[in-house]
């Protein structure tokens, strides 16, 4: 549903920026916007499908990216996590992380030492 909203917002912005009414805007521009937005939506879905990647090692560092994404560095791999996970894990913990192609964490196992 968010993809449909994003398409509508993109069309409205393009209409306002070009100074034309939405009805006057050419069909080709609408097709390009819909194609671009649906492509992004398809890649997001594809990211959720296997194969998943596994990284094991100690939590070396916690990072906050410029875009606000929270990332953990485990065995040299930067993995995106949610705020609760970012807060609860401590540096030096041994972890096994399963993540998507875009390095978003699916599950994190702690090893007991």
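Odds and ends about this structure:
- Here the peptides 96-103, 57-64 are ranked by packing, the mean other Cβ count within 10 Å, and the order with the highest first is 96-103, 57-64.
- Per-residue Cβ neighbour rank within 10 angstrom, fewest leading, 30, 54, 74: 54, 30, 74
- If you sort the three axes of the alpha carbon gyration tensor as a ≥ b ≥ c, you get a/c of 1.5 or more for the range 30-113 and a/b above b/c, which makes it prolate.
Each value in this text was obtained by applying a stated rule to the coordinates, not by laboratory testing. All values reported here derive from a predicted model rather than from experimental measurement. We place every Cβ from the backbone using ideal geometry, glycine too, and count neighbours over all the protein chains shown.
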